[in-house]
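Structure first, then comments.
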Amino acid sequence: MTTTERILISGNEAVAMAAFESGVAFASGYPGTPSTEILEHLSALGGPARWAPNEKVALEVALGAAFGGGRALAAMKHVGLNVAADPLFSAAYTSVNGALVVVSADDPGMASSQNEQDNRRYAVAAGLPMLEPSDSQEAYDFTVAAIELSERWRLPVLLRMTTRVCHSKTVVRARRPAAPPAPARFERDVRGRVMLPAYGRPAHRRLREKLARIAEWNETGPLTRRISGDRELGIIASGVAFMHAREVAPSASMLKLGLTYPLPMGAIANFAATAERCVVIEEGDPFLAEAIRAAGITVEAKPEPFRFGELNVGRVRRILAGDDSPEPEPPRGKPPALCAACQYLPVFEIFRKLNCIVSGDIGCSTLGALPPYEAVDSCVCMGASIGIGLGLRHVLPAAEARRVVSVIGDSTFLHSGMTGLVEMIYNPPPTGHLLIILDNSTTAMTGFQEHAGSGRALDHQPTGKVVLEDLARAFGIEDVHVIDPVAESGELARTISECLGNGRINVIVARHTCVLGARQIEGWARAATPAETAP
């Protein structure tokens, strides 16, 4: 795209475009709303995007690429950063030779998530610079800025997106991309990369010194923008909240914060001093308001009810008006449901008939908790079905324990279920246990993305394949069954009943291609299968 061309794209697409044009050499992640399209669009542009088994692996491989002097990007939704937190915190100490941008896409309002956490807290906890774009143009610009900051300060940089910025489309004009990257090369730095306590302690001091210099730079840097207006009302905002506030109060003076950690406290203090009333407008936790108040600067924070859900123009108008009366109930939408011909339906019907206690997991199978089946009793996080099921088996009376079954999807199992399987073998409950892997050959909930068990990469080209039943047997589990839940529903019911009570460790792979994505999946499978040659 030329610098004069204007296009209408989403924030996710803008991040991908900026990464591609800036020469990012490696990009990885795990699909999850609202971040999924970043890597999909980067791949469509011809960029080096791939799906990892989970976010921790994605960040670790991206960190290795940055150690080698490359420009790397890891993209994930907010709860994915929980999975990647272990390498994230240490990466702040190790620094990078190239650039590493970590995109965290938060989901205020829980449109498609199990919680509503505010990942700006991670920037403070890990000690990493964080940028917050407010529209697609800034998603493009801030991706470029994140690459430049990462290379300048040799630190990973967090790019915190939210649902509205990720998915809304606004006009983007390509700006100057990051300067061409230097050739990748490895520089040995044992003291900087090996996080023994003796090396980690000085690394922590170096990190804090960098953050102090970044905060100083942020005072007058291009990411802190002051907009002149009436002295009666001053608004401090970041991210999409800035756009809402600008629409509600166009005549107000505003301080727009692009780099929201570390904060430019001097600029904030000067701005607040010029306003008769200074209000912080932000989506999610009172992250900015708490930090500004802790610095001794007097500002108003939003009332507690506005901590929940997405902000919009109407809610911001209520905040500025001081209206904290109960908000009207939003109109009820159609509840999510399993597809009418979903291959999971026979499984939930069997659970109901057998009166099972079902430890569920993230994915389409979660919808089994809803009417008419109401067959899933817990869903906490990716991979938790196995551990929670085992915990129930360990403490319940034997007759009740034998009713417990863990259910997980194929992509989720490869994401974080394998360690639960190790626990199942290593510390088996007295009554044994049953794990059912619902294998629909795709990552269905987020839009039919490939995974390590499909045998196809992000761009649907053939790659290595993990065979679930072979993996379970390699772990040492003898009772492994592969059953089609649609064609062999009677056999499935009989096998589940037997496995629940046999006192052994059992795995059932219930395999049937997702009916909603079958045509796409089968087309990709045919394209990925080499044609047979005539003898």
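Criterion first (part of a loop (DSSP other than H, G, I, E, B) and either of a type in the set (D, E, K, R) or outside the structural domain of H415 (by TED's automatic domain parsing) (or both)) does R160 satisfy it?
no
Of all the listed residues (G23, G46), the sole one being more than 12 Å from the chain's Cα centre (by Cα), surrounded by fewer than 19 Cβ atoms within 10 Å (Cβ to Cβ), touching a residue at least 40 places away in the same chain (Cβ under 8 Å) and farther than 20 Å from L128 by Cα is G23.
The residues of the stretch 279-291 that are without any contact (Cβ under 8 Å) to a residue 60 or more places away in the chain, surrounded by fewer than 22 Cβ atoms within 10 Å (Cβ to Cβ) and outside any helix (DSSP H, G or I) amount to a single one, P286.
Determine whether the stretch 330-337 contains at least one residue that is in a loop (DSSP other than H, G, I, E, B) and more than 30 Å from V407 (Cβ to Cβ).
The answer is yes, given that some residue of the stretch 330-337 is in a loop (DSSP other than H, G, I, E, B) and more than 30 Å from V407 (Cβ to Cβ).
Of the residues examined, G309 is not one that is closer than 24 Å to I214 by Cβ, part of a loop (DSSP other than H, G, I, E, B) and not assigned by TED's automatic domain parsing to the domain that holds A146. Give A399, A369 a once-over and let me know the one that is over 27 Å from S112 (Cα atoms), assigned by TED's automatic domain parsing to the domain that holds L516 and free of Cβ contacts under 8 Å to residues at least 24 places away in the same chain. Checking each option against the conditions leaves just A399.
In summary, Y93 fulfils each of the numbered conditions (1) buried (at least 24 other Cβ atoms within 10 Å of the Cβ); (2) part of a helix (DSSP H, G or I); (3) among the hydroxyl-bearing types (S, T, Y) with the single exception of condition (1). Looking across the stretch 197-230, the residues that are under 23 Å from C278 (Cβ atoms) and not charged (D, E, K, R) come down to A215, N218, T220, G221, P222, L223, T224, I227, S228, G229. Here A518 meets the list (1) in contact (Cβ under 8 Å) with a residue 40 or more places away in the chain; (2) among the small types (G, A, S); (3) within 20 Å of G363 (Cβ to Cβ) almost entirely, failing just condition (1). For the condition surrounded by 15 or more Cβ atoms within 10 Å (Cβ to Cβ) and farther than 25 Å from D141 by Cα, R193 qualifies. Of all residues in the stretch 255-269, which are surrounded by fewer than 23 Cβ atoms within 10 Å (Cβ to Cβ) and part of a strand (DSSP E or B)? Scanning the stretch 255-269 gives a single hit, K256.
Tell me, which residue of the stretch 350-402 that is at positive phi and of a type outside the set (S, T, N, Q) is modelled with the highest pLDDT? For the stretch 350-402, the residue satisfying everything is G383.
The values are calculated or read from the model by the stated rules, or taken from the named source; none is laboratory data. None of the values given here were measured: they were computed from a predicted structure. Reconstructed Cβ throughout: ideal geometry from the backbone, glycine too, with neighbour counts over all protein chains shown.
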